[in-house]
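*Asks:* Just dropping this structure here.
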Amino acid sequence: MFDLIIRNANLPDGRTGFDIGIRGERIAEVAAKIEASAKAEIDASGRLATPPFVDPHFHMDATLSLGLPRMNRSGTLLEGIALWGELRPTLMREALVERALRYCDLAVSQGLLAIRSHVDISDPRLVTVEALLEVRERIAPYIDLQLVAFPQDGYYRSPGAVDALNRALDMGVDIVGGIPHFERTMSDGAASVEALCRIAAERGLPVDMHCDETDDPISRHIETLAAQTIRFGLKGRVAGSHLTSMHSMDNYYVSKLIPLMTEAEINVIPNPLINIMLQGRHDTYPKRRGLTRVRELMEAGLNVSFGHDCVMDPWYSMGSGDMLEVGHMAIHVAQMAGIDDKRKIFDALTVNSAKTMGLEGYGLDKGCNADLVILQARDPLEALRLKPNRLAVIRRGKVIARTPPRVSALHLEGRPSAVDAADYAPAFGN
Ligand code: FE2
(Lines give C-alpha, C1' and ligand atoms only; values in the text may rest on other atoms or scores of the structure.)
Protein backbone atom coordinates (compact mmCIF):
# COMPACT_ATOMS: atom_id res chain seq x y z
CA MET A 1 0.00 0.00 0.00
CA PHE A 2 1.35 3.39 -1.02
CA ASP A 3 0.30 6.85 0.11
CA LEU A 4 0.46 8.25 -3.41
CA ILE A 5 1.07 6.77 -6.85
CA ILE A 6 1.78 8.87 -9.92
CA ARG A 7 0.66 6.83 -12.92
CA ASN A 8 1.91 6.90 -16.49
CA ALA A 9 4.66 9.50 -16.16
CA ASN A 10 7.57 10.11 -18.49
CA LEU A 11 10.93 10.49 -16.79
CA PRO A 12 13.75 12.93 -17.66
CA ASP A 13 16.08 10.07 -18.71
CA GLY A 14 13.73 9.06 -21.52
CA ARG A 15 11.75 6.25 -19.88
CA THR A 16 8.06 6.60 -20.69
CA GLY A 17 4.83 5.52 -19.02
CA PHE A 18 6.30 4.77 -15.59
CA ASP A 19 4.56 4.67 -12.22
CA ILE A 20 6.10 6.32 -9.14
CA GLY A 21 5.01 4.98 -5.76
CA ILE A 22 5.42 7.19 -2.70
CA ARG A 23 5.33 6.10 0.92
CA GLY A 24 5.55 8.80 3.57
CA GLU A 25 8.18 11.33 2.49
CA ARG A 26 10.11 8.99 0.20
CA ILE A 27 9.91 7.43 -3.24
CA ALA A 28 9.29 3.75 -2.54
CA GLU A 29 9.11 2.34 -6.06
CA VAL A 30 9.60 3.36 -9.68
CA ALA A 31 8.36 0.77 -12.15
CA ALA A 32 6.71 0.35 -15.52
CA LYS A 33 3.56 -0.77 -13.71
CA ILE A 34 2.86 -0.75 -9.96
CA GLU A 35 0.09 -3.26 -9.24
CA ALA A 36 -0.51 -2.09 -5.67
CA SER A 37 -3.03 0.57 -4.77
CA ALA A 38 -2.61 3.86 -2.95
CA LYS A 39 -4.60 6.27 -0.82
CA ALA A 40 -4.35 8.76 -3.67
CA GLU A 41 -3.34 8.63 -7.31
CA ILE A 42 -2.37 11.21 -9.91
CA ASP A 43 -2.68 10.36 -13.58
CA ALA A 44 0.24 12.04 -15.33
CA SER A 45 -1.15 10.98 -18.75
CA GLY A 46 2.26 10.66 -20.36
CA ARG A 47 3.51 13.99 -19.11
CA LEU A 48 6.99 14.54 -17.65
CA ALA A 49 7.66 13.98 -13.95
CA THR A 50 10.94 15.53 -12.91
CA PRO A 51 12.75 16.18 -9.64
CA PRO A 52 12.16 19.82 -8.63
CA PHE A 53 13.97 22.72 -10.21
CA VAL A 54 16.94 24.01 -8.24
CA ASP A 55 18.25 27.58 -8.46
CA PRO A 56 21.89 27.70 -7.31
CA HIS A 57 22.31 31.48 -7.63
CA PHE A 58 19.77 34.05 -6.51
CA HIS A 59 19.43 37.31 -4.57
CA MET A 60 16.45 36.93 -2.29
CA ASP A 61 17.18 40.11 -0.34
CA ALA A 62 16.60 42.20 -3.47
CA THR A 63 13.88 40.25 -5.25
CA LEU A 64 10.55 41.98 -5.94
CA SER A 65 12.03 45.34 -4.93
CA LEU A 66 11.59 46.66 -8.48
CA GLY A 67 10.35 50.24 -8.24
CA LEU A 68 11.86 50.85 -4.78
CA PRO A 69 12.71 53.65 -4.21
CA ARG A 70 12.05 54.28 -7.94
CA MET A 71 12.37 52.48 -11.27
CA ASN A 72 15.69 51.84 -13.01
CA ARG A 73 14.97 54.13 -15.96
CA SER A 74 18.09 53.34 -18.00
CA GLY A 75 18.00 49.59 -17.27
CA THR A 76 21.77 49.59 -16.77
CA LEU A 77 23.83 47.80 -14.13
CA LEU A 78 25.24 51.11 -12.90
CA GLU A 79 21.82 52.64 -12.24
CA GLY A 80 20.84 49.35 -10.60
CA ILE A 81 23.82 49.50 -8.24
CA ALA A 82 23.03 53.15 -7.43
CA LEU A 83 19.39 52.27 -6.71
CA TRP A 84 20.34 49.38 -4.41
CA GLY A 85 22.73 51.75 -2.61
CA GLU A 86 19.81 54.13 -1.99
CA LEU A 87 17.44 51.39 -0.94
CA ARG A 88 19.74 49.37 1.32
CA PRO A 89 19.92 51.70 4.35
CA THR A 90 16.12 51.88 4.43
CA LEU A 91 15.49 48.12 4.36
CA MET A 92 13.44 46.78 7.25
CA ARG A 93 13.38 43.18 8.37
CA GLU A 94 9.61 42.72 8.08
CA ALA A 95 9.48 44.04 4.53
CA LEU A 96 12.45 41.88 3.50
CA VAL A 97 10.81 38.78 4.96
CA GLU A 98 7.50 39.56 3.28
CA ARG A 99 9.06 40.06 -0.15
CA ALA A 100 11.12 36.86 0.16
CA LEU A 101 8.09 34.83 1.24
CA ARG A 102 6.10 36.18 -1.71
CA TYR A 103 8.89 35.15 -4.07
CA CYS A 104 8.93 31.68 -2.51
CA ASP A 105 5.19 31.35 -3.17
CA LEU A 106 5.93 32.03 -6.83
CA ALA A 107 8.86 29.60 -6.76
CA VAL A 108 6.68 26.79 -5.39
CA SER A 109 4.09 27.39 -8.11
CA GLN A 110 6.93 26.95 -10.65
CA GLY A 111 8.22 23.74 -9.06
CA LEU A 112 11.36 25.48 -7.78
CA LEU A 113 12.03 23.86 -4.40
CA ALA A 114 15.69 24.61 -3.63
CA ILE A 115 17.41 27.98 -3.83
CA ARG A 116 20.88 29.26 -2.96
CA SER A 117 20.66 32.98 -2.23
CA HIS A 118 23.48 35.45 -1.80
CA VAL A 119 22.83 37.90 1.03
CA ASP A 120 24.39 41.35 0.88
CA ILE A 121 26.31 41.95 4.12
CA SER A 122 27.51 45.46 3.19
CA ASP A 123 25.09 47.21 5.55
CA PRO A 124 26.60 46.66 9.01
CA ARG A 125 23.12 46.30 10.56
CA LEU A 126 22.94 42.91 8.82
CA VAL A 127 19.19 43.26 8.65
CA THR A 128 19.30 41.29 5.38
CA VAL A 129 20.93 38.38 7.18
CA GLU A 130 18.44 38.47 10.05
CA ALA A 131 15.54 38.51 7.61
CA LEU A 132 16.77 35.67 5.39
CA LEU A 133 17.68 33.47 8.35
CA GLU A 134 14.06 33.85 9.45
CA VAL A 135 12.89 33.06 5.90
CA ARG A 136 15.14 29.97 5.72
CA GLU A 137 13.43 28.60 8.80
CA ARG A 138 9.89 29.51 7.79
CA ILE A 139 10.09 27.98 4.31
CA ALA A 140 12.04 24.86 5.35
CA PRO A 141 8.93 22.65 5.01
CA TYR A 142 8.69 23.46 1.31
CA ILE A 143 11.94 25.03 0.03
CA ASP A 144 15.58 24.25 0.84
CA LEU A 145 17.24 27.65 1.16
CA GLN A 146 21.01 28.10 1.43
CA LEU A 147 22.51 31.49 2.24
CA VAL A 148 25.81 32.96 1.06
CA ALA A 149 27.51 35.82 2.94
CA PHE A 150 28.02 38.21 0.04
CA PRO A 151 30.18 41.35 0.43
CA GLN A 152 28.47 43.02 -2.51
CA ASP A 153 30.51 46.25 -2.32
CA GLY A 154 33.81 44.36 -1.95
CA TYR A 155 35.35 42.39 0.92
CA TYR A 156 38.26 44.83 1.25
CA ARG A 157 36.74 47.77 -0.62
CA SER A 158 33.71 48.18 1.64
CA PRO A 159 34.54 49.43 5.15
CA GLY A 160 33.40 46.94 7.74
CA ALA A 161 32.82 44.05 5.33
CA VAL A 162 35.59 41.86 6.80
CA ASP A 163 33.93 42.05 10.20
CA ALA A 164 30.37 41.84 8.83
CA LEU A 165 31.12 38.69 6.85
CA ASN A 166 32.40 36.90 9.94
CA ARG A 167 29.40 38.07 11.97
CA ALA A 168 27.03 36.80 9.26
CA LEU A 169 28.71 33.38 9.38
CA ASP A 170 28.49 33.38 13.18
CA MET A 171 24.76 34.07 12.86
CA GLY A 172 24.31 30.90 10.79
CA VAL A 173 24.85 31.83 7.14
CA ASP A 174 25.89 28.65 5.30
CA ILE A 175 28.44 29.69 2.67
CA VAL A 176 31.34 32.12 2.20
CA GLY A 177 30.86 34.58 -0.68
CA GLY A 178 33.09 37.11 -2.43
CA ILE A 179 33.40 39.43 -5.39
CA PRO A 180 37.10 39.63 -6.30
CA HIS A 181 36.66 41.51 -9.60
CA PHE A 182 34.98 44.37 -7.68
CA GLU A 183 37.90 44.93 -5.30
CA ARG A 184 40.02 48.02 -6.02
CA THR A 185 42.91 46.18 -7.68
CA MET A 186 43.63 42.77 -9.17
CA SER A 187 45.94 42.04 -6.24
CA ASP A 188 43.24 43.01 -3.72
CA GLY A 189 40.91 40.66 -5.59
CA ALA A 190 43.41 37.80 -5.38
CA ALA A 191 44.02 38.56 -1.69
CA SER A 192 40.27 38.45 -1.02
CA VAL A 193 40.00 35.03 -2.67
CA GLU A 194 42.78 33.69 -0.45
CA ALA A 195 41.32 35.21 2.73
CA LEU A 196 37.82 33.95 2.01
CA CYS A 197 38.98 30.42 1.12
CA ARG A 198 40.97 30.36 4.36
CA ILE A 199 37.84 31.32 6.34
CA ALA A 200 35.86 28.58 4.58
CA ALA A 201 38.54 25.98 5.35
CA GLU A 202 38.74 27.01 9.01
CA ARG A 203 34.97 26.95 9.43
CA GLY A 204 34.35 23.88 7.26
CA LEU A 205 32.05 25.79 4.91
CA PRO A 206 31.59 25.85 1.12
CA VAL A 207 32.53 28.87 -1.01
CA ASP A 208 30.48 30.56 -3.72
CA MET A 209 31.90 33.72 -5.26
CA HIS A 210 30.65 36.15 -7.84
CA CYS A 211 33.79 35.74 -9.92
CA ASP A 212 34.94 37.67 -12.98
CA GLU A 213 31.51 39.10 -13.81
CA THR A 214 33.09 41.38 -16.37
CA ASP A 215 34.04 41.40 -20.06
CA ASP A 216 37.70 42.06 -19.18
CA PRO A 217 39.69 39.06 -20.43
CA ILE A 218 42.44 39.86 -17.94
CA SER A 219 40.04 39.32 -15.03
CA ARG A 220 41.43 35.92 -14.01
CA HIS A 221 40.29 35.48 -10.42
CA ILE A 222 38.85 32.08 -11.30
CA GLU A 223 42.46 30.90 -11.68
CA THR A 224 43.23 32.07 -8.14
CA LEU A 225 39.96 30.62 -6.86
CA ALA A 226 40.80 27.20 -8.34
CA ALA A 227 44.36 27.30 -7.00
CA GLN A 228 43.26 28.31 -3.48
CA THR A 229 40.54 25.64 -3.59
CA ILE A 230 43.23 23.00 -4.06
CA ARG A 231 45.57 24.61 -1.54
CA PHE A 232 42.95 24.75 1.23
CA GLY A 233 41.54 21.28 0.54
CA LEU A 234 38.17 22.60 -0.63
CA LYS A 235 37.81 20.49 -3.79
CA GLY A 236 34.20 20.07 -4.90
CA ARG A 237 32.95 22.59 -2.32
CA VAL A 238 33.67 25.77 -4.26
CA ALA A 239 31.49 27.49 -6.85
CA GLY A 240 32.47 30.17 -9.34
CA SER A 241 29.39 32.20 -10.27
CA HIS A 242 29.13 34.08 -13.58
CA LEU A 243 32.73 33.65 -14.92
CA THR A 244 31.76 35.90 -17.83
CA SER A 245 35.32 37.10 -18.48
CA MET A 246 36.07 33.58 -19.74
CA HIS A 247 33.94 34.46 -22.77
CA SER A 248 36.53 37.04 -23.82
CA MET A 249 39.71 35.30 -22.69
CA ASP A 250 42.54 34.23 -24.94
CA ASN A 251 41.97 30.63 -26.07
CA TYR A 252 45.47 29.47 -25.22
CA TYR A 253 45.09 30.72 -21.67
CA VAL A 254 41.71 28.99 -21.36
CA SER A 255 43.29 25.71 -22.51
CA LYS A 256 45.35 25.86 -19.32
CA LEU A 257 42.62 27.30 -17.09
CA ILE A 258 39.90 24.70 -17.66
CA PRO A 259 42.07 21.73 -16.59
CA LEU A 260 42.97 23.66 -13.43
CA MET A 261 39.25 24.23 -12.73
CA THR A 262 38.64 20.53 -13.36
CA GLU A 263 41.40 19.56 -10.93
CA ALA A 264 39.81 21.84 -8.30
CA GLU A 265 36.34 20.40 -9.07
CA ILE A 266 34.89 23.90 -9.32
CA ASN A 267 31.11 24.13 -9.63
CA VAL A 268 30.36 26.57 -12.43
CA ILE A 269 27.24 28.73 -12.17
CA PRO A 270 26.47 30.86 -15.23
CA ASN A 271 23.39 33.11 -15.07
CA PRO A 272 22.26 33.28 -18.70
CA LEU A 273 19.43 35.82 -18.32
CA ILE A 274 21.53 38.33 -16.43
CA ASN A 275 24.72 37.68 -18.39
CA ILE A 276 23.11 38.34 -21.78
CA MET A 277 21.42 41.43 -20.34
CA LEU A 278 24.45 43.00 -18.64
CA GLN A 279 27.59 41.85 -20.48
CA GLY A 280 28.94 43.48 -23.61
CA ARG A 281 27.49 46.83 -22.54
CA HIS A 282 30.71 48.69 -23.32
CA ASP A 283 30.89 47.18 -26.80
CA THR A 284 29.60 48.97 -29.87
CA TYR A 285 29.33 46.37 -32.64
CA PRO A 286 29.95 43.50 -32.72
CA LYS A 287 28.65 43.04 -29.17
CA ARG A 288 29.92 40.08 -27.16
CA ARG A 289 27.39 37.73 -25.57
CA GLY A 290 29.33 37.48 -22.34
CA LEU A 291 28.10 34.05 -21.27
CA THR A 292 30.92 31.83 -20.02
CA ARG A 293 32.08 28.84 -22.11
CA VAL A 294 29.26 26.51 -21.17
CA ARG A 295 29.84 23.78 -23.75
CA GLU A 296 33.60 23.60 -23.18
CA LEU A 297 33.20 23.53 -19.39
CA MET A 298 30.61 20.76 -19.61
CA GLU A 299 32.78 18.76 -22.01
CA ALA A 300 35.69 19.06 -19.58
CA GLY A 301 33.54 17.29 -17.00
CA LEU A 302 32.87 20.31 -14.79
CA ASN A 303 29.55 20.50 -12.97
CA VAL A 304 27.67 23.37 -14.63
CA SER A 305 24.36 24.60 -13.21
CA PHE A 306 22.38 27.69 -14.17
CA GLY A 307 21.12 30.37 -11.81
CA HIS A 308 18.18 32.78 -12.15
CA ASP A 309 20.17 35.45 -10.24
CA CYS A 310 17.48 38.16 -10.20
CA VAL A 311 13.72 38.54 -10.45
CA MET A 312 12.21 42.04 -10.52
CA ASP A 313 14.96 43.85 -8.65
CA PRO A 314 17.08 46.97 -9.35
CA TRP A 315 19.27 45.04 -11.80
CA TYR A 316 16.70 43.03 -13.69
CA SER A 317 13.07 43.97 -14.24
CA MET A 318 12.15 40.62 -15.81
CA GLY A 319 11.94 37.07 -14.43
CA SER A 320 9.19 34.85 -13.10
CA GLY A 321 10.86 32.18 -10.97
CA ASP A 322 10.70 29.82 -13.96
CA MET A 323 14.01 27.98 -14.31
CA LEU A 324 12.95 26.80 -17.77
CA GLU A 325 13.13 30.44 -18.87
CA VAL A 326 16.75 30.38 -17.70
CA GLY A 327 17.42 27.16 -19.64
CA HIS A 328 15.63 28.53 -22.71
CA MET A 329 17.99 31.50 -22.75
CA ALA A 330 21.01 29.23 -22.17
CA ILE A 331 20.16 27.13 -25.23
CA HIS A 332 20.15 30.24 -27.38
CA VAL A 333 23.13 32.11 -25.98
CA ALA A 334 25.37 29.04 -25.64
CA GLN A 335 24.09 27.79 -29.02
CA MET A 336 23.37 24.36 -27.55
CA ALA A 337 20.57 23.22 -29.82
CA GLY A 338 21.44 19.56 -30.31
CA ILE A 339 19.31 16.85 -28.72
CA ASP A 340 22.01 15.86 -26.23
CA ASP A 341 22.75 19.54 -25.64
CA LYS A 342 19.19 20.27 -24.54
CA ARG A 343 19.17 17.31 -22.16
CA LYS A 344 22.37 18.69 -20.63
CA ILE A 345 20.71 22.09 -20.25
CA PHE A 346 17.76 20.47 -18.45
CA ASP A 347 20.22 18.68 -16.14
CA ALA A 348 21.85 22.05 -15.42
CA LEU A 349 18.50 23.23 -13.97
CA THR A 350 17.94 20.08 -11.92
CA VAL A 351 20.51 17.38 -11.09
CA ASN A 352 23.60 19.53 -11.63
CA SER A 353 22.31 22.36 -9.48
CA ALA A 354 21.30 19.85 -6.80
CA LYS A 355 24.92 18.66 -6.87
CA THR A 356 26.20 22.25 -6.62
CA MET A 357 24.04 22.73 -3.52
CA GLY A 358 24.93 19.32 -2.11
CA LEU A 359 21.27 18.38 -1.72
CA GLU A 360 20.72 14.96 -0.18
CA GLY A 361 18.03 12.57 -1.35
CA TYR A 362 17.51 14.43 -4.62
CA GLY A 363 16.26 12.50 -7.65
CA LEU A 364 13.64 10.02 -8.80
CA ASP A 365 15.27 6.81 -7.58
CA LYS A 366 13.84 4.57 -4.92
CA GLY A 367 14.70 6.02 -1.51
CA CYS A 368 14.96 9.62 -2.72
CA ASN A 369 12.83 12.36 -1.20
CA ALA A 370 9.33 12.34 -2.68
CA ASP A 371 9.86 15.77 -4.25
CA LEU A 372 8.77 16.09 -7.85
CA VAL A 373 7.02 18.17 -10.43
CA ILE A 374 4.63 17.09 -13.19
CA LEU A 375 4.86 19.35 -16.21
CA GLN A 376 2.43 19.90 -19.06
CA ALA A 377 5.07 18.56 -21.46
CA ARG A 378 6.21 15.09 -22.44
CA ASP A 379 9.97 15.40 -22.09
CA PRO A 380 12.76 17.81 -21.14
CA LEU A 381 13.09 19.19 -24.66
CA GLU A 382 9.41 20.04 -24.87
CA ALA A 383 9.58 21.53 -21.38
CA LEU A 384 12.43 23.83 -22.43
CA ARG A 385 10.56 24.84 -25.58
CA LEU A 386 7.17 25.49 -23.98
CA LYS A 387 7.97 26.56 -20.42
CA PRO A 388 4.74 24.71 -19.58
CA ASN A 389 2.43 24.79 -16.60
CA ARG A 390 3.39 22.80 -13.51
CA LEU A 391 0.37 20.54 -13.19
CA ALA A 392 1.42 19.30 -9.75
CA VAL A 393 4.26 20.12 -7.38
CA ILE A 394 4.97 17.51 -4.71
CA ARG A 395 7.15 17.98 -1.64
CA ARG A 396 7.89 15.09 0.71
CA GLY A 397 4.91 13.20 -0.68
CA LYS A 398 2.36 16.03 -0.36
CA VAL A 399 0.91 18.03 -3.23
CA ILE A 400 1.79 21.64 -2.42
CA ALA A 401 0.77 23.32 -5.68
CA ARG A 402 -1.45 22.56 -8.64
CA THR A 403 -1.97 24.43 -11.90
CA PRO A 404 -4.64 23.52 -14.46
CA PRO A 405 -3.36 22.64 -17.92
CA ARG A 406 -3.08 25.52 -20.34
CA VAL A 407 -5.55 24.81 -23.13
CA SER A 408 -6.97 27.42 -25.46
CA ALA A 409 -10.51 27.17 -26.85
CA LEU A 410 -10.62 27.85 -30.58
CA HIS A 411 -13.59 29.32 -32.40
CA LEU A 412 -12.70 28.56 -36.01
CA GLU A 413 -14.93 26.83 -38.49
CA GLY A 414 -13.52 23.49 -39.62
CA ARG A 415 -10.65 23.57 -37.13
CA PRO A 416 -10.21 21.82 -33.75
CA SER A 417 -12.07 23.29 -30.81
CA ALA A 418 -9.05 23.37 -28.51
CA VAL A 419 -5.25 23.79 -28.66
CA ASP A 420 -2.77 22.35 -26.19
CA ALA A 421 0.74 23.38 -27.21
CA ALA A 422 2.05 20.12 -25.74
CA ASP A 423 0.19 18.19 -28.46
CA TYR A 424 2.58 19.47 -31.13
CA ALA A 425 5.18 16.70 -31.27
CA PRO A 426 8.09 16.54 -33.70
CA ALA A 427 7.47 14.13 -36.58
CA PHE A 428 10.00 11.55 -35.35
CA GLY A 429 9.82 12.13 -31.60
CA ASN A 430 12.48 13.73 -29.48
FE1 FE2 B 1 24.44 37.36 -8.44
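*Asks:* For the range 296-397, what relative contact order do you get, as a whole percent, if you take Cα pairs closer than 8 Å and at least 6 residues apart?
*Replies:* 24 percent
*Asks:* Projected onto the charge dipole of the chain (+1 at Lys/Arg Cβ, -1 at Asp/Glu Cβ, origin at the Cα centre), which of 364, 409, 337 gives the Cα projection farthest towards the positive end?
*Replies:* 409
*Asks:* So, one more: With unit charges on the beta carbons (Lys and Arg positive, Asp and Glu negative) and the dipole taken about the Cα centre of the chain, which residue among 375, 275, 245 sits farthest to the positive side?
*Replies:* Checking the options against the dipole of the chain, the answer is 375.
*Asks:* May I ask you to give the percent of accessible area on the chain that is carbon plus sulfur, with a probe radius of 1.4 Å?
*Replies:* Roughly 53 percent, rounded to a whole number.
*Asks:* Let me ask something else. Please name which of 148, 217, 164 has its Cα lying farthest along the dipole of the range 142-218 towards the positive end, using unit charges on Cβ (Lys, Arg +1; Asp, Glu -1) and the Cα centre as origin.
*Replies:* The Cα lying farthest towards the positive end belongs to 164.
*Asks:* How far is the Cα center of the range 234-287 from the Cα center of the range 71-145, in Å?
*Replies:* 25 Å
*Asks:* Follow-up. Determine, for each peptide in 287-293, 11-17, the mean count of other beta carbons within 10 angstrom over its residues, then list the peptides with the highest first.
*Replies:* 287-293, 11-17
*Asks:* Moving on. Using only Cα atoms and rounding to the nearest 10 degrees, what angle (0 to 90) does helix 186-203 make with the longest principal axis of the chain?
*Replies:* 60 degrees
*Asks:* Let me ask another. Quick check on my link table: of 33/235; 235/287; 287/387; 355/398, which ones sit more than 30 Å apart, alpha carbon to alpha carbon?
*Replies:* Checking Cα-Cα distances, 33/235; 235/287 exceed 30 Å.
*Asks:* What is the packing order of peptides 77-87, 55-65, taking the mean over residues of other C-beta atoms within 10 Å and listing the highest first?
*Replies:* Per-residue Cβ counts within 10 Å, averaged per peptide and sorted highest first, yield 55-65, 77-87.
*Asks:* Add +1 for every Lys or Arg and -1 for every Asp or Glu among the other residues with Cβ under 15 Å from the Cβ of residue 24, and state the total.
*Replies:* Value of the local net charge: +3.
*Asks:* Using unit Cβ charges (K, R positive; D, E negative) and no other charged atoms, how large, in debye to the nearest 20, is the dipole of the chain about its Cα centre?
*Replies:* 560 debye
*Asks:* What residues qualify as long-range amide H neighbours of residue 146, i.e. H under 5 Å apart, gap of 5 or more or another chain, H built at 1.01 Å from N?
*Replies:* Here 115, 116, 117 satisfy the definition.
*Asks:* If contacts are Cα pairs under 8 angstrom and at least 6 residues apart, what is the relative contact order of the range 1-102 in percent?
*Replies:* Relative contact order here is 23 percent.
*Asks:* Follow-up. Work through the residues other than residue 308 whose Cβ is under 9 Å from its Cβ and net out their charges, Lys, Arg +1 and Asp, Glu -1.
*Replies:* Taking every Cβ under 9 Å from that of residue 308, the sum is -4.
*Asks:* For the range 170-236, just say rounded, prolate or oblate: build the C-alpha gyration tensor, square-root its eigenvalues into a ≥ b ≥ c, call rounded for a/c under 1.5, and beyond that prolate if a/b exceeds b/c, oblate if not.
*Replies:* prolate
*Asks:* A further question on this structure: Of the listed peptides 365-373, 94-102, what is their order by residue-averaged count of other C-beta atoms within 10 Å, with the highest listed first?
*Replies:* Output ranking for 365-373, 94-102: 365-373, 94-102.
*Asks:* Where does helix 93-109 land angle-wise versus the long Cα axis of the chain, in degrees 0 to 90, nearest 10?
*Replies:* 40 degrees
*Asks:* Still on this structure, please answer the following. Using the Cβ atoms and a cut-off under 15 Å, what net charge is assigned to the surroundings of residue 359, where Lys and Arg are +1 and Asp and Glu are -1?
*Replies:* Surrounding charge for residue 359 is -2.
*Asks:* Next up: Can you sort 350, 185 by 1.4 Å-probe accessible area, starting with the largest?
*Replies:* 185, 350
*Asks:* Still on this structure, I have one more. So how exposed is residue 113, as accessible area in Å² (1.4 Å probe, rounded to 10)?
*Replies:* 0 Å²
*Asks:* I've got another one for you. For the range 53-357, what does the alpha-carbon gyration tensor say about shape, rounded, prolate or oblate, given a ≥ b ≥ c as the root eigenvalues, a/c under 1.5 as rounded, and a/b over b/c as prolate?
*Replies:* Judged from the Cα gyration tensor, the range 53-357 comes out rounded (a/c under 1.5).
The values are calculated or read from the model by the stated rules, or taken from the named source; none is laboratory data. Please read these numbers as outputs of a predicted model, since none were measured by experiment. All Cβ positions, glycine included, derive from the backbone under ideal geometry; neighbour counts span all protein chains shown. Heads up: the accessible areas ignore ligands, DNA and RNA and are worked out on the full protein's heavy atoms, side chains in. Shrake-Rupley method; radii C 1.70, N 1.55, O 1.52, S 1.80 Å.
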